[in-house]
Amino acid sequence: MKAFLTITILLVALITTYAASAWSLPLQMLGTQLDPLPPLMLATALRTPITTIAILAIFASLTQSALSSDPLGLSLLPLYTLGFIVHINSHNLLHHHIGSRFALGAIAGAMIPLMSLALLLLTNKEPLIGWFSLWQWAASILSSGLMTLIFYPLIEWLDKSVEEQPLAAPFDTTTTIIRHRRFHE
Amino acid sequence: MNRRPYLIATIAVALLALTCFTLSPENSARTKRLFSSFYTPLFSAQKTAQTTSDYLTNQVIPRKTLLKENNALKRQNEILELKLRRLSTLSRENRILRQKLKMQPKPEWNPRLSRIVGRDPSNWWRSIQIDLGSSDGVKIDMPVMANGALIGRVQEAYAHRSRVALLGDPICRISATIAETTETGILSSCGGTIYDPTLAELLYLPAGTKARVGDEIYTSGFGEVFPRGIHIGKILALENTSGDLTTKASVKLATNPSLLNEVWVLMP
């Protein structure tokens, strides 16, 4: 596990969740709160091992619900599911282009509120939902896509900055020695 | 691919999620309190930043403006003191009359100013965080006011912070009275009010209600959670379907909580 990177990601999750709660401008202008956790989880799942993803899902969901009227750990399962799916498909996902990163972030931003809402309704809670929720959902999709464009390079940079990188080999690592099978006989 | 870490992580997350959903409300609140302590340095930093910003703003304001404002406030203070004296006399008179009629004395409320330090990060609820907590005497269900009107009640009290459920939140249902007709209903939320934080619904009014659009709404004092007569808002529209036993009213709340920075907590 990349310990330093994991701790740094947890700090980023804590600060961004707090900032989303303390900064009321999006709520005043758009009528919706912006959730930084889906894009953060997406960017994390593309670069870190499953243990970091699980730790982020647990910590982020519990700290977020500490600031909210949500039931404790409401976003735990949605965040972990997102991280798990992205992580096991990370080699198949096109995430090196800005457009594809935005699209992935938007999908993450669409998925988490839907799963959270389903969990709320399954646990017999009465959340405040109406036609305006569709606008809030659309804003969540858009903001999540945009935030992914910030979080992806941030996590990439953190990974390179706080984790020990393998030293460059003094020889050409792209060269492959192919020997005839008789060589082994 | 080594599947073991995936299996362990998935089982751990599933078990934790199950534990969270089956926790009792008390244990859930305790765990939330524990995790909210992670934000303590951030709340402190925000408070310091705000204090510094206020100090710097005060330094920048010209002396002439401050003197002008000071004079205006002095005049306003004198008028308010006169009104207060008159109200104190009336209050004393009221107390004596209540004693003579052998009625219960009305509780006194001490308002305490508090700053809003955060809003609910999710869109499903209307709640705010304030910088007064149980160490300051804040208790669950205490009324919270702003601009002379009720805006909500304390939902959870931590050591140095509290969460306030605002009017229009599904959790914050209160009994309200229409001043003109003295009819009582339950102020609640519905999906149709989500786009505007100053909208709520007054449910369970009588079918043949005499209430009119524009009538003022106050707290009823039933249940003894809130004192009677705190202003809430006014009726925006009435909806009565024939055959229904009750009438529903749309209410425009007197204060928009999303524009506030400070609130008053009413302490006994």
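The values are calculated or read from the model by the stated rules, or taken from the named source; none is laboratory data. In this text, all values refer to a predicted model and were calculated from it rather than measured experimentally. Here the Cβ positions follow ideal geometry from the backbone for every residue, glycine too, while neighbour counts run over all protein chains shown. Accessible surface is based on the protein model in full, side chains and every heavy atom, while ligands, DNA and RNA are left aside. Shrake-Rupley method; radii C 1.70, N 1.55, O 1.52, S 1.80 Å.
A few comments on the model shown:
- Residue tally, condition in a strand (DSSP E or B) and open to solvent by less than 30 Å² (accessible area, probe 1.4 Å), over the stretch B:133-154: 8
- Residues that are of a type in the set (S, T, Y) and more than 17 Å from A:A138 (Cα to Cα), drawn from the stretch A:94-123: A:S100, A:T123
- The selection criterion, being farther than 18 Å from B:P5 by Cβ, at pLDDT below 95 and in contact with a strand residue (DSSP E or B) (Cβ under 9 Å, 6 or more places away or on another chain), does not hold for A:S65.
- For the stretch B:131-156, the set of residues classified as within 14 Å of chain A (Cβ to nearest Cβ) and over 10 Å from the mean Cα position of the chain (by Cα) consists of B:D131, B:G133, B:I140, B:E156, listed by residue number.
- When the stretch A:117-134 is filtered for residues that are touching a residue at least 40 places away in the same chain (Cβ under 8 Å) and surrounded by 15 or more Cβ atoms within 10 Å (Cβ to Cβ), the ones remaining, listed by number, are A:L119, A:L120, A:K125, A:F132.
Conditions tested, residue by residue: (1) in contact with a helix residue (DSSP H, G or I) (Cβ under 6 Å, 6 or more places away or on another chain); (2) away from chain A (no Cβ under 14 Å); (3) open to solvent by 60 Å² or more (accessible area, probe 1.4 Å); (4) part of a loop (DSSP other than H, G, I, E, B).
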site: B:A211; (1), (2), (3), (4): no, yes, no, yes
site: B:G214; (1), (2), (3), (4): no, yes, no, yes
site: B:I232; (1), (2), (3), (4): no, yes, no, no
site: B:I235; (1), (2), (3), (4): no, yes, no, no
site: B:S242; (1), (2), (3), (4): no, yes, yes, yes
site: B:K248; (1), (2), (3), (4): no, yes, yes, no
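- Selection within the stretch B:15-50 - over 27 Å from B:R115 (Cα atoms) and at the interface with chain A (Cβ under 8 Å from one of its Cβ atoms): B:L16, B:A17, B:C20, B:F21, B:L23
- Check on B:A157, of a type in the set (G, A, S), closer than 24 Å to A:A20 by Cβ and touching a residue at least 40 places away in the same chain (Cβ under 8 Å): no
- Yes/no for B:A146 being aliphatic (A, V, I, L, M), modelled with pLDDT of 90 or more, in contact with a strand residue (DSSP E or B) (Cβ under 8 Å, 6 or more places away or on another chain) and under 30 Å from A:S140 (Cβ atoms): yes
- Scan of the stretch A:34-75 for residues that are assigned to a helix (DSSP H, G or I), within 24 Å of A:I141 (Cβ to Cβ) and among the hydroxyl-bearing types (S, T, Y), ordered by number: A:T44, A:S61, A:T63, A:S65
- Exactly one residue out of B:K32, B:K74 is basic (K, R), out of contact with any Gly (no Cβ under 6 Å at 6 or more places or on another chain) and under 20 Å from A:D70 (Cα atoms): that is B:K32.
- When residues of the stretch B:165-186 are limited to those that are in contact (Cβ under 8 Å) with a residue 60 or more places away in the chain and touching a Lys or Arg at 6+ places or on another chain (Cβ under 7 Å), the one surrounded by the fewest Cβ atoms within 10 Å (Cβ to Cβ): B:G168
- Counting only residues that are charged (D, E, K, R) and either surrounded by fewer than 18 Cβ atoms within 10 Å (Cβ to Cβ) or farther than 26 Å from B:T198 by Cβ (or both), the stretch A:1-38 holds 1 of them.
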